[in-house]
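Comments concern the structure below.
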Amino acid sequence: MNNDLTYESAFAELQQIAVDLESEAVPVDILAEKIKHASFLVEFCQKKLRSAETEVTKILKKWDDKSEE
């Protein structure tokens, strides 16, 4: 895995893969490789989103706790 991968770069790659697949620009010989990489990118993006959601929830809970004091 590339340690420099960000949500934005992964999402951009997914968009490009989708465009390539829709335009049939992907040779059959590498189609499975593209799909496998897309699957990895989707999982990576989902993890990033879940992590961000968890962090935001923690922050909001702290704000709620402070406002109740």
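Between Glu24 and Phe11, what length in nm is gained on full extension when 0.36 nm per residue of separation is reduced by their alpha carbon distance?
2.7 nm
Among all the lysines, which ones have a C-alpha under 24 Å from Lys66's C-alpha, if same-chain residues fewer than 8 places away are not counted?
Counting by Cα, and skipping residues close in sequence, Lys66 has these lysines nearby: Lys58.
Sorted from largest down, give the three principal axis spans of the alpha carbons of the range 7-67, whole angstrom values.
Between the extreme Cα coordinates on each principal axis of the range 7-67 lie 58, 16, 14 Å.
Per residue of the range 29-36, what does 6.51 cos²θ - 1.76 cosθ + 1.60 with θ = phi - 60° give for ³J(HN,Hα)? Whole Hz please, x for Gly and Pro, Karplus curve as stated.
4, 10, 4, 4, 4, 5, 5, 4
Computed from the coordinates by the stated procedures, all read-outs in this text should not be read as laboratory data. Just so it is clear, the structure is predicted and the values come from calculations on it, not from any experiment.
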